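Encoded as structure tokens, the structure appears first; notes follow it.
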Amino acid sequence: MSSENILLVDDDSEMLISLARALKASGIEAAIHAASRHDKAIEILLDKIPQVAVVDLCLDEKIGVESGFNLITEILSQDSTCRIIVLTGHGSLEYGVRAINTGAANFLEKPADPLHLAALITDGISQSDLRRAYSKLAIQKTNFIQSPVIGRSEATKTLLRDVEYAARNNLPVLISGETGTGKGLIAKTIHLLSDKGKKNFVKYQANFGTADLVNSDLFGHQKGAFTGANEDRRGLLSEADGGTFFLDEIDELPLETQVTLLGVLQDKKFRALGSNKELPLNVRLLTATNQDPDKSVSEGKIRKDFFHRIAHIKIHVPALRERKDDIAPLANFFLSKLRDAENLSVLGITEDALAKLEGYDWPGNVRELEAAVESAAHKAQFENRISVEAENINIGSSGSVNSGVLSFHEEVRKFKLKLINEKLAKNGGNQLKAAKELGLDRSTLRRLLSEE
Amino acid sequence: MDPDKKLTELMKVLSHKIRTPLSIIQNELSCIKGKIEEEEYQRILGATRSINEILKEKPEVLLNLIGGKDE
């Protein structure tokens, strides 16, 4: 089957048939898909991911050329690597300039020479493939190849495709998956591969906070806005300006804040608490939850209108037990990472040990696997390999990990988090106060929380 | 609406309407190239190009051809 796909969109079905025939006769080998309506065009776009779309401007007599411009905008918001060629009977300089400004690559007036159109399509396919290859290469070359996208299973391949797709677009993304699957790393990867990758990535977790505190964290406040607001404070949305804002544990976000944030996302502007000055919102929003998002909506933890606003793209990170083929590559990845970081002499993992790892269900997911490999590697540091015989993997005969044995680093991490969470709870979720009591600055406290 | 303006708008609409069937003719013609005599092919192609050239004219100029607008 051809991996090259072209989408033709025109409200005249005879035109679609004749154009497809002419393009085939002109030597186009790509699979040609035709749509006479906007919704059908988007359906094909999402299913076939065409490299090129040839779009007529007038798809709906009632709306006129706006129907074509709307479609161009939607195609590019769904897939910015798709090349668009406008082919219209409404040829004018005004429409031509507008089409190019909207993101079309070419503007042709009907009737167009099929050979000329075929040449533009061939060029468009190459351009689109180049952009897609660059995006893939960026994932492979980046230092941010992280555990959630490592593996050979079908589930991981799908996840990788989803991440690439999300990185190419600027739409809000909702990432779901069990604890420990690496949702935060997925969010970071999307950010780094997107056109906002060089700007700030700001993460926020709303638990422990009341609506006022969370609103203050998000939008900032002016001195005197509420009791205890002794100085002006910039909100996290301002800190993320031009970049990405990652809101973790979205179902923990107070409902009042969801209402406020919904308005902000719609209007694309916000105000700091106590301020009349409106600030422009210029961030890409990524959210995550370890719950079933649909269930959270039906239980009223996430407002339906808010959900629709934040979940334009949904990515599900599968549990490790659903992708057991990935356990071996992941275990080797963690071992290699550890070897580089701590100069360990452990070279590998025996087949028996890998089989043992693959036989376990990993309720703590990738994070638990990483901890198990770390612990095993430290135990095996005077041997060549992690092996079952040497009993350096903490999986008991019942097939469960001996959770009482954690690596030194894991123990320290958990202790730090416990300490921070205690201080946050004591201070009603106020990170500034908690950080002060711990002798840390606020950014260090946030970094430690984001490592969770 | 001014009658001249009305006629100009009508010509614009007609021009847009004709372009799609004209495209279809050109597309179909490209499919049968090689199956008909080259001379025959060129004659039909030439005719479609002539129609296209006419459509590129400003509506006002076309109206002048039929005496629809005073000099």
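Annotation: amide H of A:Arg284 within the under-5 Å range of A:Gly243, A:Thr244, A:Phe245, sequence separation 5 or more or interchain, hydrogens built in the peptide plane. Loop-located GluC sites (Glu not before Pro) across segment A:19-126 with a Cβ neighbour count of 12 or fewer within 10 Å are A:Glu29, A:Glu61, with loop assigned by DSSP. Close amide H pairs (under 5 Å, H built 1.01 Å from N) link A:Ile315 with A:Leu174, A:Ile175, A:Ser176, residues at least 5 positions away or on another chain.
Sequentially through segment A:105-114, phi angles give Karplus couplings (6.51, -1.76, 1.60; θ = phi - 60°) of 8, 9, 9, 10, 9, 6, x, 9, 5, x Hz, Gly and Pro residues having no value and appearing as x. Among the GluC sites (Glu not before Pro) in segment A:194-297, those located in a DSSP loop and surrounded by at most 14 other Cβ atoms within 10 Å of their own Cβ are A:Glu231. Listed values for segment A:118-123 are Karplus-derived 3J(HN,Hα) couplings in whole Hz (6.51 cos²θ - 1.76 cosθ + 1.60, θ = phi - 60°), namely 4, 5, 5, 5, 4, 5, and x replaces Gly and Pro. Shape class of the protein assembly as shown from the alpha-carbon gyration tensor: oblate, with a/c at 1.5 or above and b/c at least as large as a/b. Over what distance in Å are the Cα centres of segment B:1-43 and segment A:12-57 separated? What the calculation gives is 21 Å, centre to centre. Distances between placed amide hydrogens fall under 5 Å for A:Arg83 paired with A:Val52, A:Ala53, all partners being 5 or more residues away or on another chain. Shown in residue order for segment A:256-271 are the 3J(HN,Hα) couplings computed by the Karplus curve 6.51 cos²θ - 1.76 cosθ + 1.60 at θ = phi - 60°: 4, 5, 4, 4, 4, 5, 4, x, 5, 5, 6, 7, 6, 8, 8, 10 Hz (x for Gly and Pro).
Shape of segment A:334-386 from its Cα gyration tensor (a ≥ b ≥ c, root eigenvalues): rounded if a/c is under 1.5, otherwise prolate when a/b > b/c, or oblate? Oblate, because a/c is 1.5 or more while a/b does not exceed b/c. Of interest is the spacing of the C-alpha centroids, which for segment A:146-203 and segment A:233-263 amounts to 19 Å.
Answer rounded, prolate or oblate for segment A:1-88, using the Cα gyration tensor with square roots of eigenvalues a ≥ b ≥ c: rounded when a/c is under 1.5, else prolate when a/b is larger than b/c, else oblate. Don't skip to the answer; put the middle values down first.
Numbers: a/c = 1.98, a/b = 1.23, b/c = 1.61.
Here segment A:1-88 falls in the oblate category.
Counting only DSSP beta bridges with both residues in the protein assembly as shown, the antiparallel share comes to about 15 percent.
Counting only other chain Cβ atoms within 10 Å of each residue's Cβ, the peptide A:14-21 averages 5.
Show that you can apply the helix-only estimate: for chain A, add -39,500 (n - 2.57) for every DSSP H stretch of four or more residues, divide by all residues, and state [θ] at 222 nm to the nearest 500.
On the way: 18 runs with 215 residues, N = 452.
Taken over chain A, the calculation gives -14500 deg cm²/dmol.
Within segment A:195-274, list the chymotrypsin sites (Phe, Trp or Tyr not before Pro) lying in a DSSP loop whose Cβ has at most 16 other Cβ atoms in a 10 Å radius.
For chymotrypsin sites (Phe, Trp or Tyr not before Pro) across segment A:195-274 that sit outside H, G, I, E and B with at most 16 neighbouring Cβ atoms in 10 Å, the list reads A:Phe226.
Counting, for every residue in A:110-117, the Cβ atoms of other protein chains within 10 Å of its Cβ and taking the mean gives 6.
On the beta carbon distance between B:Glu37 and A:Thr73, with R0 = 45 Å, the FRET formula returns roughly 0.45.
A short reminder: the numbers here are calculations on the coordinates, not readings from a lab. Quantities reported herein were computed from a predicted structural model and do not represent experimental measurements. Heads up, the Cβs are rebuilt from the backbone with ideal geometry, glycines too, and the neighbour counts pull from every protein chain shown.
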